[in-house]
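What follows is calculated from the coordinates using simple rules that are stated; it is not laboratory data. Keep in mind that what you see is a predicted model, and the values were worked out from it rather than measured. All Cβ positions, glycine included, derive from the backbone under ideal geometry; neighbour counts span all protein chains shown.
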Amino acid sequence: MTKAMLTPLVPLYSLELGASVSLVGLLVAASFVLPLFLALPVGSLVDRRGSAPVMTAGAVLMGLAPLIIAVVPGLAAVAVAQVVAGLAHLLMGLATQSFVGSISTGVRRERDYGWYTTFASAGQLAGPLAAGLLADALGYAAAFSAAAAISVVGVVLTRLLPDDRGRASGSAGLGSSLLTVGTLLGRPGVRLGILASASGLFAMTAFAAFQPTYLESLSYSATTIGMLLSLKSLASMAVRPFMPGVTKLLGGKLNTLWAMMLLVAVTLGATGYFESLGPLVLLSMGFGVGCGISQPVSMVAVVEESEPGNRGFLLGLRLTGNRVAQLVGPLVIGLVADALGFGPAFLAGALVVVVGSFLLLLFRPRAAQALNR
């Protein structure tokens, strides 16, 4: 929930300090610099040491990030806090995904990842709305302080997790794992998962960074902005129980993934061309539905190709692709927004997702086989 609170707070607070739209993009991208280089080492660390200690370290750092902004004013503090938050999110995300993958298999694994993303969406539902309300009522310092305090709950919960190192026994070190990257990328499920996930995260980062900036330019309050982000997460969470029915209706997981990526592209691309609240609510919820189905499917595609000894490393490989997309996305879209406006900027993000969705078709037969095991 702490990370979700930072999603609207960082862009809005940066704008209040005088940042341009492109600088907001740079600050958002700052959280993805360290994960770009550390995803594989951290994934290997999870394989060797287990998920729980890595998750605890991530929760502690996640609380430190908003505390830095609350205590030290200025854009430099925002940049430092974003780097810390990015590292924290990497530690927690990889450890959590590896833990979920280690406790189940097959159809049950798909269900468990659905529950995992559902609870993640619950935090993303409450976080932005709480952040907006606190910022409007008490100011940004209080909102960042509250985000830091909430992370204490995460630290306590991670200490209650069982040790899963036994499930990851036999893990090769990072050096050995790096030699197998080419082999892993040759697996259709891995390629599919990385491509779909990176395309989706490109869109999600663009949406999270620039929807608040766009709405602020339309004079919407922080509470309303947080509410729209929360509605996106609500839609992501609400659609998860219907995933089996949607998959059956669309003729399989690959077709479902492709359709949901197109839904993400359409709703993202249209966002910059509407100003009234009603259409923006519908677009936010449509975007949430697309992300709510596509992201769990991409996780399952990667984990199904893993073994206990390299699950964390393989998820780190997926996360590296994600962080490339999340690092480049805010920078490119921020520059487009400064030069051409928000409409073309959101369209540029949508175009990237469309290209990614059509690339899935290049290896459709083998990918479909990998997804439908």
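At full extension, Tyr273 and Leu340 could sit 22.8 nm farther apart than now, given 0.36 nm per residue minus the alpha carbon distance.
For region 33-84, a Kirkwood hydrodynamic radius built from all Cα pairs, placed in the Stokes-Einstein relation at 25 °C and 0.890 mPa s, yields a translational diffusion coefficient of 201 µm²/s.
Taking only the Cα atoms of region 216-282, the radius of gyration and Dmax are 14.6, 43 Å.
With r defined as the distance between the Cβ atoms of Ala141 and Val281 and R0 fixed at 35 Å, what FRET efficiency is calculated, to the nearest 0.05? With a Förster radius of 35 Å, E is 0.75. I'd like the FRET efficiency for Leu361 and Phe242, computed as 1/(1 + (r/R0)^6) with the beta carbon distance as r and R0 of 25 Å, rounded to 0.05. The pair Leu361/Phe242 has a calculated efficiency of 0.50. For region 201-210, 3J(HN,Hα) computed residue by residue from phi via the Karplus equation (6.51, -1.76, 1.60; θ = phi - 60°) reads 5, 4, 5, 5, 5, 4, 5, 5, 7, 10 Hz, glycine and proline entered as x.
Across region 351-360, rounded Karplus estimates of 3J(HN,Hα) from the backbone phi angles (6.51 cos²θ - 1.76 cosθ + 1.60, θ = phi - 60°) give 4, 4, 5, 4, 4, x, 5, 6, 5, 4 Hz, Gly and Pro being marked x. Rg over Rh for region 249-288 works out to 1.10, using Cα positions for both radii and the Kirkwood form for Rh. Legend: Rg and Dmax of region 1-99, from Cα coordinates, 14.0, 45 Å. Couplings 3J(HN,Hα) for region 273-288, derived from phi with the Karplus relation 6.51 cos²θ - 1.76 cosθ + 1.60 (θ = phi - 60°), are 10, 10, 10, 7, 5, x, x, 5, 5, 5, 5, 4, 6, x, 4, x Hz, where x marks Gly and Pro.
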